[in-house]
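Enquirer: Submitted below is the structure of interest, expressed as structure tokens.
The values are calculated or read from the model by the stated rules, or taken from the named source; none is laboratory data. Only a predicted model underlies this, so the values are computations on that prediction, with no experimental measurement involved. As a convention, Cβ positions derive from the backbone with ideal geometry for all residues, glycine included, and neighbour counts pool all protein chains shown. Quick note on the areas: whole protein, heavy atoms, side chains included, nothing else; ligands and nucleic acids left out. Shrake-Rupley method; radii C 1.70, N 1.55, O 1.52, S 1.80 Å.
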Amino acid sequence: MPDFICVSRHGRIDYISPMGARLLGVTDSSILIGRSLADFLHADHRSLLDAGTAVTDGLCQPLVLLGEGGRGIHVMAAIQRIADESGDALLLRARILPPDRPFAPEGEVTASVDLMAVCLMKSADGRIDAVTPQGVQLLGAANMADVVGRPLSAFLPKETIASILSLAEGTSAAGYSVTTKVFRLDGQDRDVAMSVMPFGDGPHHFLIEMRSRYENRLMDEKLRLAETVFAATVEAIVILDSDFRIVAVNPAFSAITGFSAEEVVGTLPVFFDLATDPDMLTSVLATIGRTGRWDQEQWSRRKSGEEFAKRLSIVGVADGDGDIRQYVALFADVTQRKHDEERIRYQANYDSLTGLPNRSLFMDRLCQALHLAERAGQRVGLMYIDLDGFKLINDTLGHEVGDELLKEAAKRLLFCVRHGDTVARLGGDEFTIIMPNLGEIRYAPVIAQRMIEALEQPFHLENREAFISASIGITMFPDDAVDANTLLKNADAAMYRAKEQGKANYQFFTADINAEVSERMIIKNGLSKALEREEFTVYYQPKCDLATGRLTGVEALLRWRNMELGAVSPVKFIPVMEETGLIGTVGEWVLEMACQQYRIWRDAGHPHMRVAVNLSVRQLRQPNLARSVEEALRRAGIEASGIELEITESMIMRDTENAIDVLRTLSEMGIHLAMDDFGTGYSSLSYLKKFPVHTIKIDRSFINDIATDPDDQEIIRTIISMGHSLRRKVVAEGVETEEQRILLRKLRCDEMQGYLLSPPVPAAEIDRLLASLRPGPEA
Ligand SMILES: Nc1nc2c(ncn2[C@@H]2O[C@@H]3COP(=O)(O)O[C@H]4[C@@H](O)[C@H](n5cnc6c(=O)[nH]c(N)nc65)O[C@@H]4COP(=O)(O)O[C@H]3[C@H]2O)c(=O)[nH]1
């Protein structure tokens, strides 16, 4: 039963229960009759007594009554109309909330203080004097006039009436609860839970509360549920009155904001940014008025001052007339999620090592720059930068040092560009620069040269000095292309050209670069299916002893014939295979073929026919190279000395330390090693001494002019004598004329290979050659 019952008419107390009066600090309730009820309500809640409230279906909420000396008494109150013949009055029933939870909201409402059906009986003849709208409903009536003035016996069984009357006779003065049947005016009888309380001064004055048993149970369940949700949810719940002042908060609110309920009840919620901005608040309230809710993610501060992100939803709670009486704000702490989102966004757009935009953000910015430039009729420059020599530093000094270098290189690049330009890292040692509104093309080389010079300055990494340079490709919008992808491809192709031109330089994109790029694309596509379509074959080019003319071996050379492209030169497709990594598989296939072929010639009585196979840079770097060679030998059932591996001089120079280790292992296995294209690289004697190679092959370019160019002759003489002094065999490549052969023999070159003897041919041709060639007399 409620702790406080009061009926007020025109704002004045008409009736107050004795216990209610005591609660307000008055022992004689009669002295409160006629006093303004508002005097006993906290200022925040006085508006609830407005006439408007009196004509609604009522409301239920926590509020503060003012007791003796202005002492606040926290109660859960139900405020309802109660209508009698003389008009509307207001019925306020309230229950004191426990002192440790003074702000409990709706969940705390009990059966005794919610908006249940209430009737007042004030006359000895048992007539209903006043009824709440809910009472009208429960009694199955259409309006209040159908109920007011009717005898209770029209609705209740005799026994129930008898027990109510016995209360009047004082047998149970404290009131009682009973379950009874109600005869409804619409004929649908119902069981109800009923509480009867003495009320007012007369002996037959009662306040009768009723709730259908079904609704009762349902209400209890709903209330329990609401209470649990309110207390246990991890979302903060804030109940606000119509002036947007806080009425109640749940424990999650305090956990998230750090503010206790006592600190915030009665205040404007400053932790909603909108409460401090009146315009914003007005617009939010208008939105809620229109749509019923308002949602936003926003940052606020906890009591500690720490920032937190919340996802805030505010809904309006309307009364029966559709007027918003309260607001419920819900919010969750989404700080972690916000941080995660920011981190993910950063990772998706920026390179974690250098902090520069990554490929994805670079493409966005490029597209944006092109879009703006197109509208403004401006030019955009794009540069593609590849660091020369970075891989060597990374491999020899370690990845950490490599990372430091990249960070420093990024800083230097940023230093070279204007505000508004974008420096991005595409990955590895590749950077791009977008220069929006470049103005004239001639500015680009100035910037490129500045970058090359900046990157050529020594890098001080872990007490070492390291040196790199940069190859830069430059392309222009709209001169070279109008879309981002093509421009990037152009810049890459131009960079590639800069590399070919000897590195540490820049190149503009041109039409012939374009043709080269398209050809490379076609080759790349064709190669991806070449192995499975069996488009590869191996040709063999013989070598002979210059002194005896005897065949000493052959070099296995890969051939590719494609349906559309026809026969493609290895000079074109081998670099593409290097780039794509396909050389690994295809290189192993060539080795396999070579081993099998050697086995055939050996078994046919030509054990001296050693087969030489070219190794690529990638193969040389493969950690399992020695093992895969060993397995190929085993599968063919041949000895290691039957195979020779050719490595170019430049390949070794790029990766010296690793190369020496790998070559030593191969040499220890008994494999012969040859240094190919000798003379085109460093050709240093000290280097040659370091490498366990058995043979050096003088590059074709020197042999070409041997008969006409005395310098070339001198170089060859030096290489031969140097090779011999290091006990290496010397082979001349690309011998095409008899004159060259005679000269080479004179210079005491050991062997020769070239069109003069035979071009690369299928194995069957070599068989014929072996049959026809006899070790001849000296020429
Ligand atoms: N003008 C002229 N040229 C001559 C003469 N004698 C031989 N040649 C050519 O010179 C190249 C010699 O091979 P290389 O220097 O190892 O140069 C090879 C080698 O670096 C690479 N290559 C070929 N097959 C393979 C392979 O299976 N694996 C790897 N990694 N590279 C290969 O492709 C390059 C080019 O191969 P090819 O086009 O077959 O070109 C061959 C051969 O046909 C001559 O008297 N005059």
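Enquirer: Rounded to the nearest 10 Å², what accessible area does residue 399 show when all protein chains are kept and the probe is 1.4 Å?
Expert: Counting only protein heavy atoms, residue 399 exposes about 120 Å² to solvent.
Enquirer: Which whole-number percentage describes the relative contact order of the range 350-509, with Cα contacts under 8 Å and a sequence gap of 6 or more?
Expert: 29
Enquirer: Here is a follow-up. Can you give the charge dipole size of the chain about its Cα centre, rounded to the nearest 20 debye, using +1 on the beta carbon of Lys and Arg and -1 on the beta carbon of Asp and Glu?
Expert: 940
Enquirer: Sticking with the crude label model, points 7 Å out along Cα→Cβ, report the distance from residue 88 to residue 571 in nm, one decimal please.
Expert: Distance between the two pseudo-spin positions: 10.2 nm.
Enquirer: Using +1 on the beta carbon of Lys and Arg, -1 on that of Asp and Glu, and nothing else charged, what's the dipole of the range 349-439 about the Cα centre, debye to 20?
Expert: Taking the Cα centre of the range 349-439 as origin, the dipole is about 500 debye.
Enquirer: Can you list the lysines whose alpha carbon is less than 20 Å from that of residue 310, not counting same-chain residues fewer than 8 positions off?
Expert: 338
Enquirer: Could you look at the chain and say what percent of its accessible area is carbon and sulfur, using a 1.4 Å probe and all protein chains?
Expert: 51
Enquirer: Under the classification rounded if a/c is under 1.5, otherwise prolate if a/b is larger than b/c and oblate if not, where does the range 556-669 fall, given a ≥ b ≥ c as square roots of the Cα gyration tensor eigenvalues?
Expert: Because a/c hits 1.5 or more and a/b fails to exceed b/c, the range 556-669 counts as oblate.
Enquirer: Restricting things to alpha carbons, find the Rg to Rh ratio for the range 233-337 using the Kirkwood radius for Rh.
Expert: 0.95
Enquirer: Under the rule of -39500 (n - 2.57) per DSSP H run of 4 or more residues, summed and divided by the residues of the chain, what mean residue ellipticity at 222 nm is obtained, to the nearest 500 deg cm²/dmol?
Expert: Calculated mean residue ellipticity at 222 nm is -11500 deg cm²/dmol.
Enquirer: Another question, if that's okay. Only sites in a loop by DSSP and with at most 11 other Cβ atoms within 10 Å count here; which GluC sites (Glu not before Pro) in the range 534-607 make the cut?
Expert: Those satisfying the criteria are 534, 564.
Enquirer: Tell me which of 612, 593, 771 sits at the most positive position along the dipole axis of the chain, charges placed on C-beta atoms (Lys, Arg +1; Asp, Glu -1).
Expert: Going by the Cα projections, it comes out as 771.
Enquirer: Restricting to Cα pairs below 8 Å that are 6+ residues apart, what does the relative contact order work out to for the chain? Please round to a whole percent.
Expert: Once divided by the residue count of the chain, the mean separation gives 6 percent.
Enquirer: What does the C-alpha gyration tensor say about the overall shape of the range 534-772? Classify as rounded when a/c is under 1.5, otherwise prolate if a/b is larger than b/c, or oblate.
Expert: The shape class here is rounded.
Enquirer: Sticking with this structure for a sec: Probe of 1.4 angstrom, ligands and nucleic acids ignored: what's the accessible area per residue over the chain, in square angstrom?
Expert: 47
Enquirer: R0 = 51 Å: FRET efficiency of residue 33 with residue 286, Cβ-based, nearest 0.05?
Expert: 0.75
Enquirer: With the Cα gyration tensor of the range 435-528 giving a ≥ b ≥ c as the square roots of its eigenvalues, does the rule (a/c under 1.5 for rounded; else a/b larger than b/c for prolate; else oblate) give rounded, prolate or oblate?
Expert: Oblate shape, in that a/c is at least 1.5 and b/c is the bigger or equal ratio.
Enquirer: Moving on to the next point. Within 10 Å of each candidate Cβ there may be at most 13 other Cβ atoms; applying that plus a DSSP loop requirement, which trypsin sites (Lys or Arg not before Pro) in the range 9-89 survive?
Expert: Taking the range 9-89 and a limit of 13 other Cβ atoms within 10 Å, the loop trypsin sites (Lys or Arg not before Pro) found are 71.
Enquirer: When the Cα centres of the range 335-377 and the range 661-736 are compared, how far apart do they sit, in Å?
Expert: What the calculation gives is 51 Å, centre to centre.
Enquirer: How large is the charge dipole for the range 233-337, taken about the Cα centre, if only the Cβ atoms of Lys, Arg (+1) and Asp, Glu (-1) carry charge, to the nearest 20 debye?
Expert: For this selection, approximately 260 debye.
Enquirer: What lysines could a cross-link reach from residue 499, if we take a straight Cα to Cα line under 23 Å and drop same-chain neighbours fewer than 8 places away?
Expert: Counting by Cα, and skipping residues close in sequence, residue 499 has these lysines nearby: 391, 407, 411, 489, 524, 572.
Enquirer: Write out the trypsin sites (Lys or Arg not before Pro) in the range 689-743 meeting two conditions: DSSP loop, and at most 15 other Cβ atoms within 10 Å of their Cβ.
Expert: Loop-located and lightly packed - 727.
Enquirer: OK, next. Determine which lysines satisfy two conditions relative to residue 690: a Cα distance under 17 Å, and not lying fewer than 8 residues away in the same chain.
Expert: Straight-line reach from residue 690, under 17 Å: 729.
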